[in-house]
Amino acid sequence: MSVTAAEIERAAQVIRAGGLVGMPTETVYGLAASALDARAVLRIYTTKGRPRFDPLIVHVADAEQAWTLCTPSPRARRLAAACWPGPLTMVLPRTALVPDIVTSGLETVAVRVPDHPVALALIRAAGQPLAAPSANPFGMVSPTTAAHVAAQFLASQVLVLDGGACRVGIESSVLRVDPPLLLRPGGLSRARLAEILGEPVALSDRSSRAAAVGLPSPGMLASHYAPRTPLSLRSGTISAGARFAYLSWRGIDVPPQAQAVEILSRCGDLAEAATRLFAALRRLDDAGVCSIICELVPEEGLGEGINDRLRRAAGLG
Ligand code: TXA
Ligand code: MG
């Protein structure tokens, strides 16, 4: 679980040679390659089975490195000072340094400084920014442990650094900065962003996101974040007889006929629920049932990000 300096150096060599590294961050594990090497970035897309129109996040060690890849605005500087390192990805106008394949040809680039010592050490040792989507085959549940990553890719394809279980547990919040529009709710709440900016932050829907981004954006695909087992959201009483697994918010009113149960947070803590979400979905997925039924959590704070993942997993993205 703790990563040595020698392992970081070996991973940095893999990056410099155009290879892929499973990189722990505070949100989820990333599948990292040099963001400045178009062939290495292409390998991310092919290894993940990710459509080429779905742009990647570039991970940097600090704001100064970020501003070599994009042009900051006053809002961006303020957010960087308040939120980085941390689970905020900013979408800003890109510089000529960024290869087209990273942004799917968009004139903007998504950047963030991850709040994880192993990620920061790897970026510094590699000496370049790292493009990294979540380290899961496209459309599947995101990984929050090194074992999740290792289970989904061949060791010959990806060198995995084991930085322990991810603290935040859901992906970063993706913000189009000017004017503020939250493209993906995530590990930093919309309320906190609004507080830092001193202005409201709108949450995008399908049409506002498509208009803002100029492309169909990935999160827009309904199957995103889905387990293999069909998943639905709980509505009212559950018909007796069906074999299902159950995801409960606080462990209250759990249907007694559920074959497997995961409770996100007995004490009602949304941060704990986020940390547990993806591993809980994986366990329910492995329970050998015909369906998974999920409760939504309160639609506030991190709950927006959690419910977004559950709705997408249910195909209601
Ligand atoms: O927490 C995270 O964000 C994790 C860790 C590894 O950092 N990464 C992650 O990457 O979730 P990925 O590829 O699964 O999601 C990237 C999101 C997608 O929704 C993508 O559409 C959006 O960022 N994105 C990237 N570049 C963009 C751009 N130029 N404009 C709008 N959206 C962009
Ligand atoms: Mg992803």
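The values are calculated or read from the model by the stated rules, or taken from the named source; none is laboratory data. The model shown is predicted, which means the values in this text are computed figures rather than measured ones. Note that each Cβ is placed from the backbone with ideal geometry, even for glycine, and that neighbours are counted across all protein chains shown. Note: accessible area is taken over every heavy atom of the protein model, side chains too, but ligands, DNA and RNA are not part of it. Shrake-Rupley method; radii C 1.70, N 1.55, O 1.52, S 1.80 Å.
In the range 141-152, of all residues being touching a helix residue (DSSP H, G or I) at 6+ places or on another chain (Cβ under 8 Å) and away from ligand 1 (no atom under 11 Å from the Cβ), the one that is least open to solvent (accessible area, probe 1.4 Å) corresponds to 141.
Look through the range 79-115, keep the residues that are part of a loop (DSSP other than H, G, I, E, B) and open to solvent by less than 20 Å² (accessible area, probe 1.4 Å), and return whichever of them is nearest to residue 172 (Cα to Cα). Within the range 79-115, the match that is nearest to residue 172 (Cα to Cα) is 87.
For first residues located in the range 128-142 and closer than 19 Å to residue 112 by Cα and touching a residue at least 12 places away in the same chain (Cβ under 8 Å), partners that are of a type in the set (Phe, Trp, Tyr) and more than 9 Å from ligand 2 (Cβ to nearest atom) and lie 6+ apart or on another chain with Cβ distances below 6 Å form the pairs 135/29; 142/278. Taken over the range 1-26, residues that are small (Gly, Ala, Ser), in a loop (DSSP other than H, G, I, E, B) and modelled with pLDDT of 95 or more amount to 3.
Would you confirm whether any residue within the range 52-71 is without any contact (Cβ under 8 Å) to a residue 12 or more places away in the chain and either away from ligand 2 (no atom under 16 Å from the Cβ) or surrounded by fewer than 21 Cβ atoms within 10 Å (Cβ to Cβ) (or both)? There is at least one residue in the range 52-71 that is without any contact (Cβ under 8 Å) to a residue 12 or more places away in the chain and either away from ligand 2 (no atom under 16 Å from the Cβ) or surrounded by fewer than 21 Cβ atoms within 10 Å (Cβ to Cβ) (or both).
Looking at the range 2-34, which of its residues are away from ligand 2 (no atom under 16 Å from the Cβ), on the phi < 0 side of the Ramachandran plot and out of contact with any Leu (no Cβ under 8 Å at 6 or more places or on another chain)?
So in the range 2-34, the residues away from ligand 2 (no atom under 16 Å from the Cβ) come out as 2-19, 21, 34.
Narrowing further to those that are on the phi < 0 side of the Ramachandran plot: 2-17, 19, 21, 34.
Selection gives 2, 4, 5, 6, 9, 13, 16, 17.
I'd like to know if the range 39-49 contains one or more residues that are open to solvent by less than 10 Å² (accessible area, probe 1.4 Å), assigned to a loop (DSSP other than H, G, I, E, B) and either closer than 16 Å to residue 89 by Cα or of a type in the set (Ser, Thr, Tyr) (or both). No, because not a single residue in the range 39-49 is open to solvent by less than 10 Å² (accessible area, probe 1.4 Å), assigned to a loop (DSSP other than H, G, I, E, B) and either closer than 16 Å to residue 89 by Cα or of a type in the set (Ser, Thr, Tyr) (or both).
Scanning the range 250-280 for residues that are within 20 Å of residue 304 (Cβ to Cβ) and in contact with a helix residue (DSSP H, G or I) (Cβ under 7 Å, 6 or more places away or on another chain) yields a total of 6. Report, by residue number, each residue of the range 153-195 that is at pLDDT 95 or above and open to solvent by 50 Å² or more (accessible area, probe 1.4 Å). Matches in the range 153-195: 162, 165, 167, 176, 178, 179, 190, 191, 192, 195. Among the residues of the range 247-258, is any within 17 Å of residue 139 (Cβ to Cβ), of a type outside the set (A, V, I, L, M, F, W, C) and open to solvent by 20 Å² or more (accessible area, probe 1.4 Å)? Scanning the range 247-258, I find no residue that is within 17 Å of residue 139 (Cβ to Cβ), of a type outside the set (A, V, I, L, M, F, W, C) and open to solvent by 20 Å² or more (accessible area, probe 1.4 Å), so the answer is no.
The listed residues are 204, 239, 265, and the only one of them that is crowded, with 18+ Cβ neighbours inside 10 Å and not assigned by TED's automatic domain parsing to the domain that holds residue 189 turns out to be 265.
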